[in-house]
1. Let me spell it out: the conditions are (1) touching a Ser or Thr at 6+ places or on another chain (Cβ under 6 Å); (2) over 30 Å from Ser189 (Cβ atoms); (3) not in a helix (DSSP H, G or I), and Tyr266 meets all of them except one. Which number is the exception?
2. Name the pairs whose Cβ atoms lie under 8 Å apart, with the first residue in the range 64-76 and closer than 9 Å to Val112 by Cβ, the second aromatic (Phe, Trp, Tyr) and open to solvent by 60 Å² or more (accessible area, probe 1.4 Å), and 6 or more positions between them or separate chains?
3. If you go through the range 386-408 one residue at a time, do you hit one that is surrounded by 10 or more Cβ atoms within 10 Å (Cβ to Cβ), modelled with pLDDT of 70 or more, under 35 Å from the mean Cα position of the chain (by Cα) and charged (D, E, K, R)?
4. Hey, does the range 168-187 have a residue that's of a type in the set (Ser, Thr, Tyr), assigned to a helix (DSSP H, G or I) and modelled with pLDDT under 95?
5. Can you work out which of the residues in the range 251-302 that are among the β-branched types (Val, Ile, Thr) and under 26 Å from Val181 (Cβ atoms) is surrounded by the most Cβ atoms within 10 Å (Cβ to Cβ)?
6. Can you give me the number of residues within the range 325-350 that are part of a loop (DSSP other than H, G, I, E, B) and farther than 29 Å from Gly519 by Cα?
7. Restricting the search to the range 105-121, which residues are closer than 15 Å to Thr52 by Cβ, open to solvent by 40 Å² or more (accessible area, probe 1.4 Å) and part of a loop (DSSP other than H, G, I, E, B)?
8. Of all residues in the range 307-326, which are out of contact with any Pro (no Cβ under 8 Å at 6 or more places or on another chain) and buried (at least 24 other Cβ atoms within 10 Å of the Cβ)?
Amino acid sequence: MTIFKSSPNLHHPVTITVVRVGDVSYLVSGECYTSFTSSIADDDDLQITASTPVTVINLQNERTIDSSWLEGKIKSFLTMGDVFNEDFLSRVLLKGSSSSQRPSLSDDAKAVLAKWGATGDFIESESNIRSGPHMILASKTLRLCQVFRLYPDPQLAFMYGTVPSEDRQSYQATNLGLIPVPSRLYFDSPSDTLPLSGKRIAVKDVFDLKGTATSAGVRALADFYGVSRTSAPAIQELIAKGAVIVGKTKTVPFASGESPMDWIDYHCPFNPRGDGYFTASGSSTGSAAGLAAYDWLDITIGTDTFGSMIVLASWQGLYAIRPTHGLLDQAGVVPHSQLFDNPGYFSRGIDEFKAFGEAWYALGLLPQQFDVSQELREKNGREPYVDPMIGFKWELGSQLTKANYNKALEERSVFLSFVKEHLVKDDSILVLPMENLRRSIETTTMENGRNMQGYGFGNIAFTVLAGLPAVNVPVGQLPIKSKVTQGIINEPIGVMLVGPSGSDGWLIDIIKETLVSTGRPLGVRTGPDVYTDEDWIS
């Protein structure tokens, strides 16, 4: 067992307990139970040490525990759990309430335990101890604690991992280079009141999450604001509906698009597709890279100002939505442009994509404005350091006059009217190809980024400037020769569907119906390839 202090904010260190169970590392949760009775402490056969892995199985009204019931429970735990593993079966605790009659353990059930090399015991408690893997920590008293499996982050997608407080309303940041993930066994099945129960969510580091610092990709900003006292309403809505936030993902400074070579304060995440050297950079970089790489993530949250959801989803072979503008509350989110900022989410499968959107999109709009550069100057007495690319953009912005701005708003209004009257109206859908990815980390430079600022008119403008909902659909992949490794790799291919204002759910329904009726895959894989020969039908 390892105990040490860790925090992304050095002014607020926290104590973290890490243990090894078999070949896997786990973080021991602060959610521990001491109010239970059993014969554990008096049973020399259990050999309780400083930390002992155990499996808790909740009893209902069973009078007799037989082999079929016990084997069924163990098999379901092994099937459901990427956090649970066989080493937790060395101790099995059958948990009932103090008011219930203790059931008997049949001889064939004892034989099942012996087959797993397990010792069984009954515990009684009125606490809501969940079934699944736990650690018993022995000091002056025995504590029964939940565990989080620590997953590596080879794509460098995360700023840090997070674990919830006991009331699940605030979070504690960890700076382990590993992401703590709770067992799915701890959560009830999704319901009408908790439609996102147990869903593992990673959040772009522009959203406030109570108990953690928001950096927006800038070290000075995290130090300036410190730990958030509340969560952004859009994120609190997810927590209230049962989701668990497993970490915060990286973004470019101030969520303003950059190329991988421009990153300075933090390392740019790696796109897992192809040979690993396609560009991943953009505002919602970490959220896209993480979901495309890690099976243990369910959904990731990002924002889209001018393509950071839709374009990055195309580059990394994911489903993503830029919703109708104004659909979600943007309080507690570091702003980039209140005219265009829009929270969205990434998904690997159309079914989960649809279900998550139905659960999340029910909020209003509260735009914010602030001059972060001025605030940092007032605190530090000097100009804040920003990446050269950000400095270039700020310089461009300083040259914008109010007359220029008002003229641009008028032109946007004309464009919006044209799109709604002639292109996307009633039940029509605009289908547009996404740009070719064919850019590698090696071939993207600051000069390329400068050339993109304010020039040209890409397909993404149809959703951004008009404020209409858009969804990226990963439709396939194309073999190309890598400019980095010189091998043949698959490039993700996506198309963007733009619908009328407020048609977000209808748009997703149309996509699912089309995929089903044409026999296309309903989800994508993690790793180098979006699809394999087995699940892609050409």
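The values are calculated or read from the model by the stated rules, or taken from the named source; none is laboratory data. Values in this document were obtained by computation on a predicted structure and should not be read as measured data. Note: ideal-geometry Cβ built from the backbone for every residue, glycine included; neighbour counts use all protein chains shown. Heads up: the accessible areas ignore ligands, DNA and RNA and are worked out on the full protein's heavy atoms, side chains in. Shrake-Rupley method; radii C 1.70, N 1.55, O 1.52, S 1.80 Å.
1. Answer for Tyr266: the failing condition is (1).
2. So the pair list comes out as Ile74/Trp116.
3. Looking through the range 386-408, none of the residues is surrounded by 10 or more Cβ atoms within 10 Å (Cβ to Cβ), modelled with pLDDT of 70 or more, under 35 Å from the mean Cα position of the chain (by Cα) and charged (D, E, K, R).
4. Yes, the range 168-187 contains a residue that is of a type in the set (Ser, Thr, Tyr), assigned to a helix (DSSP H, G or I) and modelled with pLDDT under 95.
5. So the residue we want is Thr285.
6. From the range 325-350, those part of a loop (DSSP other than H, G, I, E, B) are 325-332, 334-342, 348; that's our starting set.
Subsequent filtering for residues that are farther than 29 Å from Gly519 by Cα retains 325-332, 334-342.
Residues in the range 325-350 being part of a loop (DSSP other than H, G, I, E, B) and farther than 29 Å from Gly519 by Cα: 17 in total.
7. Matches in the range 105-121: Gly117 only.
8. Across the range 307-326, the qualifying residues are Gly307, Ser308, Met309, Ile310, Val311, Leu312, Ala320.
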